[in-house]
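Enquirer: One structure is given below, represented as structure tokens, and several questions about it will come after.
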Amino acid sequence: MTYIKTQLLPASAQSTRSAAAILRRGGLVSFPTETVYGLGADACNDTAVAQIYAAKGRPSFNPLIVHLADAGAVAQFVQMNDAARRLAAAFWPGALTLVLPLKPDAGVSKLVTAGLDTLAVRVPDHRVATAILAEFDGPVAAPSANPSGRISPTTAAHVMAGLDGRIDAVVDGGACGVGVESTIVSCIGVPTVLRAGGIPLSALTACLGGPLLHGAQTDAPIAPGQLASHYAPRGAVRLNAACAAAHETWLGFGDVSADLNLSPTGDLSEAAANLFGMLHKLDALGAKHIAVSPIPDHGLGQAINDRLRRAAAPRDEKEAIWRMDITKDG
Ligand code: TXA
Ligand code: MG
């Protein structure tokens, strides 16, 4: 890849216009959302979308989420249904992605869907993201702004550390409030959770008035990007650690004297917001062996545990572990 100068822009009206102009000419801009920083490109421009895959080193079979400024625009691109309308009304703008049948005339690049006849759509809840999407006035494909397989970014500095020289600009909107990616629900047939995330599953169940299927319980593929070793820090990760051995760096949760603590008070929202930042920090510290405290598996804890399981998976057995993971999740 050729080196390009990456501009680090402050959040401002001027930067919003610059970001939209870069998107219009087919460039790549990273911007904050409430979940993690996204790496945006014009979803209708094949070359621009191809650049996302190149900049991230992302396998081209892994489709992208389309981001829109407001929920009203979504029906232009996908076929809505009752469940999707309910979820959209309850959680958009917000940390929920819906997978729906792609409209044939949507005009979205085939690279966005990686050839699937479904499209993942989301309306983020972040003033900087919304301003850029509104100014661009079109669908923006945006995966998390990290090199493929690495930890997702929750600050502009994380984005620069991973993608400086590979993208046109990063708009710095401070740290992301939620800290884990959106919950992905497929509304093709019976609503099915493909990825735990920023909206807890209990909230979705309450909204729909019934249980949701999990990806592993249906023929539907889980989100193709859910590779086992996604979100990996460089060190080896040991989960459910009651304490750390001498050679380990301890990532704690709750009232423990760990090296880093996701939430000393045991608050799952705080832990989610700190998760990726602390994994980045463990990399920066050069931690080779990481012990992680048990995290309660409810509410946002389910998304946190999903990311931690993937961080702990052996990197060289991605494919095999990914399959095991599907079964285990079931
Ligand atoms: O919070 C988020 O969702 C962030 C911010 C930037 O919006 N985005 C994000 O994108 O996490 P990414 O690309 O890192 O993860 C998107 C996931 C991938 O696992 C991909 O396989 C899945 O969504 N996905 C995309 N389109 C899909 C589709 N049509 N069917 C099933 N899964 C899909
Ligand atoms: Mg990602």
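Quick note: the coordinates plus some simple rules give every number you see, no bench work behind them. Only a predicted model underlies this, so the values are computations on that prediction, with no experimental measurement involved. For neighbour counting, all protein chains shown are included, and Cβ atoms are generated from backbone atoms with ideal geometry for every residue, glycine included.
Enquirer: How many percent of Cα pairs in the range 45-92 exceed 14 Å?
Expert: Here the long-distance tail beyond 14 Å is 62 percent of all Cα pairs in the range 45-92.
Enquirer: Going by C-beta contacts inside 10 Å, put Leu260, Leu96, Leu163 in order with the fewest on the left.
Expert: Leu260, Leu163, Leu96
Enquirer: Now, a different point. What share of the DSSP beta bridges in the chain is antiparallel, in percent to the nearest 5?
Expert: So the antiparallel bridges in the chain amount to around 45 percent.
Enquirer: Of Tyr231, Tyr3, Tyr37, Tyr53, how do they rank once you tally other Cβ atoms within 10 Å and put the fewest first?
Expert: Fewest-to-most Cβ neighbours within 10 Å comes out as Tyr3, Tyr53, Tyr231, Tyr37.
Enquirer: What order do you get for Ile151, Ile4, Ile304, Ile188 when you list them from fewest to most C-beta neighbours inside 10 Å?
Expert: Lowest count first: Ile4, Ile188, Ile304, Ile151.
Enquirer: Any chance you could list P(r) for the range 249-305, counting all Cα-Cα pairs in 5 angstrom bins from zero, rounded to whole %?
Expert: 5, 22, 33, 25, 13, 3, 0
Enquirer: What is the set of long-range amide H partners of His214 at a cut-off below 5 Å, with H atoms built 1.01 Å from backbone N?
Expert: Residues meeting the amide H criterion: Val193.
Enquirer: From the convex hull of the Cα coordinates of the range 1-100, what is the mean projected area in square nanometres? Write down the numbers at each step before the final one.
Expert: On the way: hull surface 30.3 nm².
Its Cα hull, projected and averaged over all orientations, spans 7.6 nm².
Enquirer: Continuing with the same structure: Mean-square fluctuation check for the chain, GNM, Cα pairs under 10 Å: which of Gly72, Gly266, Gly94 is largest?
Expert: Gly72
Enquirer: Right, something else. Using θ = phi - 60° and the Karplus relation 6.51 cos²θ - 1.76 cosθ + 1.60, list the HN-Hα couplings for the range 295-306 in order, rounded to whole Hz, with x at every Gly or Pro.
Expert: Rounded to whole hertz, the list is 10, x, 8, 9, x, 5, x, 5, 5, 4, 5, 4.
Enquirer: Enumerate the calculated ³J(HN,Hα) couplings along the range 88-100 in order (Karplus 6.51 cos²θ - 1.76 cosθ + 1.60, θ = phi - 60°), each rounded to whole Hz, writing x wherever the residue is Gly or Pro.
Expert: 5, 5, 7, 10, 9, x, x, 7, 10, 10, 10, 9, 9
Enquirer: Out of residues 5 or more away from Ser30 or on other chains, whose amide H comes under 5 Å of its own, with H placed 1.01 Å from N in the peptide plane?
Expert: Answer set, sorted by chain and number: Gly40, Ala169, Val170, Val171.
Enquirer: Would you kindly derive the ³J(HN,Hα) couplings of the range 139-148 from the backbone phi angles with the Karplus curve 6.51 cos²θ - 1.76 cosθ + 1.60 (θ = phi - 60°), listing them in order in whole Hz, with x for Gly and Pro?
Expert: x, 10, 7, 8, x, 4, 8, 10, x, 3
Enquirer: Stick to the Cα atoms of the range 112-271, pair each with every other, and give me the Kirkwood hydrodynamic radius in Å at one decimal.
Expert: Taking the inverse mean of 1/r over all distinct Cα pairs, the range 112-271 comes out at 18.6 Å.
Enquirer: Provide the convex hull volume over Cα atoms per residue for the range 58-164, in Å³.
Expert: Taking the convex hull of the Cα positions in the range 58-164, it is 112 Å³ per residue.
Enquirer: Can I ask one more? State the three equivalent ellipsoid semi-axes of the chain, derived from the C-alpha gyration tensor as the square roots of 5 times its eigenvalues, in descending order and whole Å.
Expert: So the equivalent ellipsoid measures 29, 24, 18 Å along its semi-axes.
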